[in-house]
Amino acid sequence: MNLKVNKDKCIGCGFCVGTCSEVFDFDDDNQAKVIENPVSEENEEKAIEAKDGCPVGAIEEE
């Protein structure tokens, strides 16, 4: 699974980073970024939880 963060939607709330720091981190603009692509099987469940929990739907599958 490949994920991306839509920078036009991201508000930098940090839900994804707090939920799955193995896959998400903050960039220099305090917006989320994907740091593991493709997402490993061991991180996939938490990454999906982060994607589904994003309050603005900024995390998308590629």
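Read the figures in this text as sums done on the coordinates, not as results from a lab. This is a predicted model, so every value here is computed, not measured. FYI the Cβ positions are ideal-geometry reconstructions off the backbone, even for glycines, and counts take in every protein chain you see.
Annotation: Glu45 fulfils all but one of (1) within 11 Å of the chain's Cα centre (by Cα); (2) free of Cβ contacts under 8 Å to residues at least 24 places away in the same chain; (3) outside any loop (DSSP other than H, G, I, E, B); the unmet one is (1).
In a loop (DSSP other than H, G, I, E, B) and either acidic (Asp, Glu) or surrounded by 19 or more Cβ atoms within 10 Å (Cβ to Cβ) (or both), is that true of Asp8? In short, yes.
Each residue in the stretch 11-42 was checked for being among the β-branched types (Val, Ile, Thr) and in a loop (DSSP other than H, G, I, E, B), and 4 pass.
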